[in-house]
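J.: Structure below; questions to follow.
The values are calculated or read from the model by the stated rules, or taken from the named source; none is laboratory data. Source: prediction; values computed, not measured. A quick note on method: Cβ atoms are made from the backbone with ideal geometry, for glycine too, and the neighbour counts reach across all protein chains shown.
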Amino acid sequence: MGWGIGNLPYGSVVGPDGRRFAAVRFGDAVLELARVDADLFAAGGLDRFLAAGPATWSRVRAEVVDTLTADRHPLVPLADVTPVLPFAIGDYVDFFASEHHAANCGRIFRPGNTDPLSANWRHQPIGYDGRAGSVVVSGTDIARPSGQFPGDDGPIGFAPTRRLDLEAEVAFVVGPPGTRIAVAEADEHVFGVCLLNDWSARDIQAFESAPLGPFLGKSFATSLAAWITPLEALAAARTRVPQDPEPLPHLRETGAHGLRLDLAVSINGQVVARPEFGSMYWSYAQMLAHLTSNGAAVRTGDVFASGTVSGPARGQRGCLLELTWNGAEPIELGDGTSRTWLEDGDEVVVSAHAGDITLGEVAGRITRG
Ligand code: MN
């Protein structure tokens, strides 16, 4: 069923009476977490729970299972609640950890280079600091941003983006704070996993990114799924991802920090890509180790995301930039229309599962800016 006793993702919802409460999803219903631990979830979100660390995460999960198995407590139908952001978002970092995505970007933007990957790419997980304040929960409308880019006739103008894209990504939620976190210690600091859509205005991004990184082309909105799946639920999905050459000692893998997640990207209900997260080059443990390797600290509620998840096949590419080869090869939707970039009214849904564990989807509809 996908939302069974082995899954139990965490979120925060507003009930029919307008009250916000922390909840765990079970089937098509939610259990109020304050019934399991009144203190930890008193504020209605997951902040204190995230900060408490792995022993508490395991205890609460076991108590949730006991509660649901005993059937002592009433569940609230999912249809009666509205999800909100489940915790206070701290810093937001976005990586570029898919070799296939990075190589395709290299082929599109630096054609003719013998190696499509930049010289640094296999040495460390490349990333940039994103804008935490514009992270929104799944279901929030996305207003088409305006910005600067060259018009058809040459001069730079300020106009609504003509190249609005999606990026199907997997995000990781930080629990206890830390710095210089070793790869082997990552699971003491990462609570769970959720889908993320890093909306991108490619024309704005292309004009502003020389010589620094993405800025207004991405900072207008980033959508986060409403349900956070604990790493504890994904034990069977763990995998080791081989790396060649082996990175420096502080980034060397110590365990199975890859995750076999099967993603699906749909536009207006039509699946346009099926990326596989198991093929990512850098693991979440390496991303966290790299991000804190210079002494920078992570805090509870920080989110770091994988970057676009793309596989080797065309049908596994996690953004329109790759799927349409920068607009040169439109994709057909089932309704007889085609797309190079997103149009007003388009609804994008990224979903994923790992065996019988379903991840909470991340959805958003484009509105006129
Ligand atoms: Mn991204």
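J.: Of the residues 107, 122, which is more than 15 Å from the ligand (Cβ to nearest atom), of a type in the set (D, E, K, R) and over 27 Å from residue 298 (Cβ atoms)? Full working, then the answer.
T.: Details: 122 fails: over 27 Å from residue 298 (Cβ atoms).
Going through 107, 122 in turn, just one is more than 15 Å from the ligand (Cβ to nearest atom), of a type in the set (D, E, K, R) and over 27 Å from residue 298 (Cβ atoms): 107.
J.: State all residues of the stretch 317-334 that are modelled with pLDDT of 95 or more and part of a loop (DSSP other than H, G, I, E, B); if no residue qualifies, say none.
T.: Passing the criteria: 317, 318, 324, 325, 326, 327, 328, 329, 330, 333.
J.: Return yes when residue 22 is surrounded by 14 or more Cβ atoms within 10 Å (Cβ to Cβ) and not in a helix (DSSP H, G or I) and no when it is not.
T.: In short, yes.
J.: Being touching a strand residue (DSSP E or B) at 6+ places or on another chain (Cβ under 7 Å), surrounded by fewer than 22 Cβ atoms within 10 Å (Cβ to Cβ) and outside the structural domain of residue 56 (by TED's automatic domain parsing) narrows it down to one residue among 309, 271, 265; which is it?
T.: Details: 309 fails: surrounded by fewer than 22 Cβ atoms within 10 Å (Cβ to Cβ); 265 fails: surrounded by fewer than 22 Cβ atoms within 10 Å (Cβ to Cβ).
Sole residue among the options that is touching a strand residue (DSSP E or B) at 6+ places or on another chain (Cβ under 7 Å), surrounded by fewer than 22 Cβ atoms within 10 Å (Cβ to Cβ) and outside the structural domain of residue 56 (by TED's automatic domain parsing): 271.
J.: Would you be able to tell me the number of residues in the stretch 25-52 that are surrounded by 18 or more Cβ atoms within 10 Å (Cβ to Cβ) and either free of Cβ contacts under 8 Å to residues at least 24 places away in the same chain or polar (S, T, N, Q) (or both)?
T.: 2
J.: While we're on this one: Is there a residue being modelled with pLDDT of 95 or more, buried (at least 16 other Cβ atoms within 10 Å of the Cβ), within 28 Å of residue 131 (Cα to Cα) and out of contact with any strand residue (DSSP E or B) (no Cβ under 9 Å at 6 or more places or on another chain) anywhere in the stretch 73-89?
T.: There is no residue in the stretch 73-89 that is modelled with pLDDT of 95 or more, buried (at least 16 other Cβ atoms within 10 Å of the Cβ), within 28 Å of residue 131 (Cα to Cα) and out of contact with any strand residue (DSSP E or B) (no Cβ under 9 Å at 6 or more places or on another chain).
J.: Then there's this: Looking at this structure, is residue 297 crowded, with 19+ Cβ neighbours inside 10 Å, over 13 Å from the mean Cα position of the chain (by Cα) and within 23 Å of residue 86 (Cα to Cα)?
T.: So residue 297 fails the test.
J.: Still on this structure: In this structure, does residue 102 turn out to be modelled with pLDDT of 95 or more and surrounded by 20 or more Cβ atoms within 10 Å (Cβ to Cβ)?
T.: Yes, satisfied.
J.: Is it true that some residue in the stretch 298-305 is within 15 Å of the ligand (Cβ to nearest atom), over 12 Å from residue 98 (Cβ atoms) and not hydroxyl-bearing (Ser, Thr, Tyr)?
T.: yes
J.: Filter the stretch 207-230 down to the residues that are among the hydrophobic types (A, V, I, L, M, F, W, C) and at pLDDT 95 or above and list them by number.
T.: Passing the criteria: 207, 215, 216, 220, 221, 224, 225, 226, 227, 228.
J.: Hand me the list of helices (runs of 4 or more DSSP H) wholly inside the stretch 32-125 holding 3 or more residues that are outside the structural domain of residue 246 (by TED's automatic domain parsing) and over 14 Å from residue 21 (Cβ atoms).
T.: Counting at least 3 such residues, we get 47-52, 54-70.
J.: Filtering the stretch 126-141 down to residues that are within 16 Å of the ligand (Cβ to nearest atom) and assigned to a helix (DSSP H, G or I), which residue is surrounded by the fewest Cβ atoms within 10 Å (Cβ to Cβ)? Break it down stepwise before answering.
T.: Let us first name the residues in the stretch 126-141 that are within 16 Å of the ligand (Cβ to nearest atom), namely 126-132, 134-136.
Applying the additional criterion that residues be assigned to a helix (DSSP H, G or I) yields 132, 134.
Working: 132: 17, 134: 15.
The extreme case among them is 134.
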